[in-house]
Every structure is written in structure tokens, then in C-alpha cells.
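Quick notes on the structure that follows.
The values are calculated or read from the model by the stated rules, or taken from the named source; none is laboratory data. Keep in mind that this is a model prediction, so the values were computed, not measured. Please note: Cβ atoms are built from the backbone with ideal geometry, for glycine as well, and neighbour counts cover all protein chains shown.
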Amino acid sequence: AICTPGEAGEMDILTSTQNPTFTQRNAAKVLGIAEHLITAHVKRVGGGFGGKETRSIPISCSAAVPAQILKRPVRLVLERPVDMSNHGTRHPFMGRYKMGFTMDGKIVAYDVELFANGGHSLDLSIAILHRALFHVDNAYWVPNIRCRGTVCRTNRPSNTAFRGFGGPQGMIVIESAMARMADILKLEPADLRLANMYTEGQKTHYLKAVEHCNLQRCWNELLETSSYKQRKAAIAQFNQDNKWKKRGISCIPVKFGLSFTHAPLNQAGSLIHVYEDGTVIVNQGACEIGQGVFTKMAQIAAQALGIPLSLVRVAETNTDKVANTSATAASVQADINGMAVLDACKQIRKRLDDFIARKPEEYAKLSWHELIHHAYFNRVDLTAHGFFEAEYGYDWKNHAGKVFAYYTYGAACSEVEVDILTGEHRIVRSDIVMDVGKSLNPALDVGQVEGAFVQGYGWATTEEILVFNGYGTLYTRGPGTYKIPGPGNVPADFRVRLLKDAEHPFAVHSSKGVGEPPFFLGTSVFFAIKEAVKSARADNGVNGYFQMTLPASVDRIRLACGDSFTAPIHNEPGCFIDEYPTLDTHDN
Ligand code: MTE
Ligand code: HPA
Ligand code: MOS
């Protein structure tokens, strides 16, 4: 952040955040001044991913205080290890569950309790826990659900938002249960998942009907285009022929709720100016964090005004142009700011149409540039403020209210090859089918799907949660020790499809939020790894269910293979792998 004091107590804050309004509001608190004295602005961010929804605030505030005292600009940039030691991560969760199901694989009841490691302060932990609770069902209709959650206060850095915002943590528990159920019943996991998958109109545990439900369409298209069943048979053969290399394949669905779960955040504003030369500036509330929202905003404005994209510029996000913005989060920025942009453009378009109606024979023939020029000379207001509000949000007291505007659906199939001697793996191929409605920009949306998948893959495999020593020193505070996926980890064969004919009435131009939903699909790799490990275990005479804690890191994979090398370690206290006794199964 760079904080520059101005005259009469003003403070200008240029910062790398997903949340300019929160930056402004908190700076006002620490400086003891009014919000109207502070302008926070964001040109673009080189990646936020939830980490800059709130955790940028301590940095901008820490720069603002000395800037105010010294009456000089102050710039504060953290080095990577300091940043990683202080600012927390996604919330590690633990889930405990019981699931009741019939012998033919229909879920009857699901009882789940979630514990989130919040760190030393609350930050966004409650909202993250809420989203986790809203996603414990993932893609499955369960007639009876009980879910409870607790945020645990710990002596760790305060944990925070990360792509998916608790949703993945809620969903992974039921996916583990599904995989376990398939093991117990000896049923094909893909069939079992389909048999329990939501269909049109069924209600979730928070009583929202699932509408325009394309889950099963995604699933069936995925199974077909990935040749899942044929490849699974080929993999079985491969595993018979190889002792030290094992392959596995798995398909995982996702259903992700779009809207902020906190109702007041479901609003957005815009401020649009048309200049005398016909060019347009769009101010709106979303920050460009790499997801391409500025491009989408420019497209929406250009289309609504009926002009080429080249005439539209989206300005930096700025609290004195658009006030009281929500964080650039929850994957709904194109939805809500897009509606606000549309609202403002429609007002300007209407004024222009009314102006044309004054002298249609003359004005209707004008080019855009000429029209604007004439409109200006005739004192037509060429600026408009747009606004959008949505009614969504949950009433926790009465357990009522619409939580989400709609869902984004998807499914992924991943095949992996595991080196049984080392515990390393590589992705052989991943297929994804994603329902993003009628895409505003397929190039951006496919990029979001690919990026989210790879990031989710990192969460599910290489990204061990922070490792501290006994004195609280963080070991994993740089790319050398904290292993995020790199270009070499991207599936060698990566096929992303956007579902066709998926229009729906719930968001701007029939599009859907895409930023976070595909993240969870990275767990298809985790479950594929488990399948490969299962085959190694079977070779070693170990059968039945085994627990593997996320992420499936090299050490966990190696230890799970159930051979004579690792057997002594399994009896050590603190070992990663817990062998669970086989569950009792009851007829129906
Ligand atoms: N894509 C890029 N390139 N960089 C990011 O920081 N953040 C993700 C997602 N995609 C992110 C990204 C997260 S966590 C969210 S909530 C959404 O973008 C927010 O933007 P949107 O609402 O415009 O999708
Ligand atoms: N998603 C992301 N950020 C949020 C949310 C949410 O649902 N609620 C509050 N901040
Ligand atoms: Mo995204 S975790 O909602 O910033």
C-alpha cells in the first residue's frame, strides 16, 4: 500500500486489495477521521483469491498511520516470508460425519459436524463457516441433514478467505463419505454419485429449490466425453500389469451457490460518463484481480450503449467514484456490478433515445460521435449512476430466506499415475464440463475454470497447511517449502468444455459466476490418487476403507500404500494414516 496525505486531513490510499471500501472504512477508524476524507483506489491486483478480501487491511492501515503522523507518503510492501507468517491461509477444517444409506446406495441421512481453525481472531471465519454449512450437501439430495459448525480459536495467524470461501471444505466431507459408501457397497462410485444427485426442483437442507439444474447434464456429458468407463477398465488392466506404478481415475461433481451469504453485500453501484468525443468511462465496484471483470464490464457497457468496445474504458476501482462497494468476492462481481453498469447505460441510452425523438429525421441518422456531440450541445446529461440490489441472504434466526440466487454446476474427471516407491504422482488427463450459463466471455471463463481447477488441485495434493516448529516459527513461508502447483503440474491433457444451451433467468445476460465453483473440481485428482493407492494396497493384501487426510502429499501417499516398508510407521503415535475398522452395515 502507498498512503499519501493530502490537505485538510485527506488520505489517499493506493493498495492491492479486493476490498477498497473496507480499506477506507478501517483507515478511517485507525486514523480517527471521517470516511469522506479517505479515498482508496485499486488499479489492478496481481491476484487476490480471497487473501486480499480482508488481510490487506492491516497493511494499508499500518501505512496510513505513519503517513498521517509524518505528513509524508508511506509505502509498505511485505517480503514474502513476513506476509506468509502473518496473514493466515484458507481455513483448515475437520469434519466428522455419520451417513445412513440403503444397500442399493441411496443416502437417507447425513449428520455432519465441521470444525474450522480460525486462528487468533475472527476475520471472516463465521461467514466462511456459513458457506461451508450451505455446501455440506454438495451435489446430492439428502432427505435428512443435520449440520453443525464451530470456529476454533487457536494460536495461529488469523485464517481467512480463499477461493471457495468454505464451500470446498464443506463439500469434501460428503465426497469422502460418498467414496467410502462406494467402497462399502462395492458399487461403481460414478453410478452411486449419479443416483443421489439433485434433480430439478428438489430442495436443499436450507430449503432452496434447485432450479435450472444442469448437474446431471454436466455429469452425463463428462462421463461420455471423458470415456470414463472404458478408461477405468484400461486402468484396471494397467494396474494388474504394474506393481510400482498405479493409476486411478475419479469423477467429482460440484454445485456452488452464488450470492454473498450476508445479505447487505448483495448490492453494487456504477458511475458512467460519456464524454463529448463519444468515449465512455465505466466506474464500478469490482476490482480487477486477474479474473477479467473489467473486460466483462466493458463488454456489457458497449453492448448496452450500442458502441464498439474500443470506445469504453473501465477506470480503476475507486471509493470516491462508487461508494459502499462490497468486496470483490463471492464470484458474483460480474453479476452484481454488471447489473449496475447495465442500469446506468440504460438510463443514458434512454436519454439519448428521447433526444433523438425530438428530431428523429435529423438525429436518427447521426453516428454515435455526432449524436453525443449534439446531445452535449443540447444539454443532455451524459452521466449516470447505476445501482443493483438483490434480495438474497439467509435469515439465521428464523432459518428462512433465499440464500443464493442460483447455482453454478460442473463436473470433472481426472486420471493420475502414482509412483508407489516415492509417493509422487502426475495427472495423466483431466476433463471438465462446466455450466456457466450463457458465458459473457468464453475465453475468460475457460481461463477461470482452468485456473480454479489447478488451484483446487494444489489444495487437494501439494499444499500442506502451514508447518510450525514448537516455538511457533513458521517453516513453510516461501515457495521453497510451500508447494503450490506450477506449470509442470497442469494436466498433460486438459479438456475444458462449457455446457451448451445453459441459459437461465437469474443473472446478467444469462451468465453465471465462475471464479470459485471449479476450484472444488481439483479434488477429482485427490480421489483418483486414492483409487491408485487402493490398488497398491490390494497388491499388499490390505483391503477396505482407509482414511487419507487432505492434502494427498507425497509422504501421505507413500505411507498409505500399506506395504512392509511403512507398516512399522503406522504404529507410531502421530502417524498420518488412521486405519478405521470396517463399518457395520445394516440392511436398509
Ligand atoms: N482469478 C484471478 N486471476 N485472480 C484472482 O485473484 N480470485 C478468485 C476468482 N478468480 C481470482 C480469480 C476469487 S476467490 C473470487 S471470489 C473471484 O475471482 C472474484 O471475482 P469475480 O466475482 O469477478 O468472479
Ligand atoms: N463469499 C465471499 N466473501 C464473503 C461472503 C461470501 O459468501 N460473505 C462475506 N464475505
Ligand atoms: Mo473469493 S474467496 O470470495 O475472494
Pick from region 309-324, criterion touching a residue at least 60 places away in the same chain (Cβ under 8 Å) and under 22 Å from residue 440 (Cα atoms), ranking: nearest to ligand 3 (Cβ to nearest atom): 317
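Does residue 261 qualify as being surrounded by fewer than 16 Cβ atoms within 10 Å (Cβ to Cβ) and β-branched (Val, Ile, Thr)? Even if it seems obvious, please write down each step before you answer.
Values: surrounded by fewer than 16 Cβ atoms within 10 Å (Cβ to Cβ): no; β-branched (Val, Ile, Thr): yes.
Answer is no for this residue.
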Condition check for residue 386: surrounded by fewer than 20 Cβ atoms within 10 Å (Cβ to Cβ), in contact (Cβ under 8 Å) with a residue 24 or more places away in the chain, outside any helix (DSSP H, G or I) and of a type in the set (Gly, Ala, Ser): no
Here the qualifying pairs (Cβ atoms under 9 Å; residues six or more apart or on different chains; first in region 288-308 and among the charged types (D, E, K, R); second more than 13 Å from ligand 1 (Cβ to nearest atom) and part of a loop (DSSP other than H, G, I, E, B)) come out as 288/43; 288/316
Please find, among 437, 470, 447, the residue that is farther than 23 Å from residue 83 by Cα and either surrounded by fewer than 20 Cβ atoms within 10 Å (Cβ to Cβ) or without any contact (Cβ under 8 Å) to a residue 24 or more places away in the chain (or both). 447
Please work out which residue is farthest from ligand 2 (Cβ to nearest atom), limiting yourself to region 304-338 and to residues that are surrounded by fewer than 17 Cβ atoms within 10 Å (Cβ to Cβ) and under 14 Å from residue 19 (Cα atoms). 320
Residue 484 passes all but one of the listed conditions (1) among the aliphatic types (A, V, I, L, M); (2) touching a Phe, Trp or Tyr at 6+ places or on another chain (Cβ under 7 Å); (3) under 30 Å from residue 79 (Cα atoms); the exception is number (2)
Would you be able to say whether some residue in region 323-338 is under 25 Å from the mean Cα position of the chain (by Cα), part of a strand (DSSP E or B) and either aliphatic (A, V, I, L, M) or within 12 Å of ligand 1 (Cβ to nearest atom) (or both)? no
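Listed residues 259, 226, 250; which is within 16 Å of ligand 3 (Cβ to nearest atom), in contact (Cβ under 8 Å) with a residue 60 or more places away in the chain and of a type in the set (Ser, Thr, Tyr)?
Answer to the selection: 259.
Keeping to region 449-475, report how many residues are closer than 20 Å to residue 163 by Cα and not in a helix (DSSP H, G or I).
We begin by selecting, within region 449-475, every residue closer than 20 Å to residue 163 by Cα; these are 449-466.
Retained after the next criterion (residues that are not in a helix (DSSP H, G or I)): 461-466.
Result for region 449-475: 6.
When region 285-300 is examined, which residues are found to be touching a Leu at 6+ places or on another chain (Cβ under 8 Å) and part of a helix (DSSP H, G or I)?
Residues of region 285-300 that are touching a Leu at 6+ places or on another chain (Cβ under 8 Å), as a first pass: 291-292, 295-296, 298-300.
If the condition is that a residue be touching a Leu at 6+ places or on another chain (Cβ under 8 Å) and part of a helix (DSSP H, G or I), then 295, 296, 298, 299, 300 are the ones that fit.
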Checking residue 355 against (1) buried (at least 18 other Cβ atoms within 10 Å of the Cβ); (2) modelled with pLDDT of 95 or more; (3) of a type in the set (A, V, I, L, M, F, W, C): exactly one of these is not met. Which one? (1)
Just one of the numbered conditions (1) part of a helix (DSSP H, G or I); (2) more than 16 Å from ligand 1 (Cβ to nearest atom); (3) closer than 26 Å to residue 154 by Cα is not true of residue 83; which one? (2)
Residue 156 vs. criteria surrounded by fewer than 23 Cβ atoms within 10 Å (Cβ to Cβ) and closer than 30 Å to residue 468 by Cα: yes
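So which residues in region 22-59 are of a type in the set (Phe, Trp, Tyr) and buried (at least 21 other Cβ atoms within 10 Å of the Cβ)?
49 - this is the single residue of region 22-59 that is of a type in the set (Phe, Trp, Tyr) and buried (at least 21 other Cβ atoms within 10 Å of the Cβ).
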Go through region 102-132 residue by residue and tally those that are more than 16 Å from ligand 3 (Cβ to nearest atom), closer than 21 Å to residue 206 by Cα and either in a strand (DSSP E or B) or in contact with a Phe, Trp or Tyr (Cβ under 9 Å, 6 or more places away or on another chain) (or both). 9
Unmet criterion (only one of (1) crowded, with 20+ Cβ neighbours inside 10 Å; (2) under 30 Å from residue 174 (Cα atoms); (3) within 16 Å of ligand 1 (Cβ to nearest atom); (4) not β-branched (Val, Ile, Thr)) for residue 226: (3)
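Select, from 196, 144, the only residue that is in contact with a Lys or Arg (Cβ under 7 Å, 6 or more places away or on another chain) and not aliphatic (A, V, I, L, M). Spell out how you get there, then give the answer.
Working: 144 fails: in contact with a Lys or Arg (Cβ under 7 Å, 6 or more places away or on another chain).
Selected residue: 196, the only one of 196, 144 that is in contact with a Lys or Arg (Cβ under 7 Å, 6 or more places away or on another chain) and not aliphatic (A, V, I, L, M).
Quick test for you: out of 255, 246, pick the one residue that is within 16 Å of ligand 2 (Cβ to nearest atom) and part of a strand (DSSP E or B).
Numbers: 246 fails: within 16 Å of ligand 2 (Cβ to nearest atom).
When all the criteria are applied, what remains is 255.
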Pick from region 60-84, criterion crowded, with 19+ Cβ neighbours inside 10 Å and either hydroxyl-bearing (Ser, Thr, Tyr) or free of Cβ contacts under 8 Å to residues at least 60 places away in the same chain (or both), ranking: nearest to ligand 3 (Cβ to nearest atom): 60
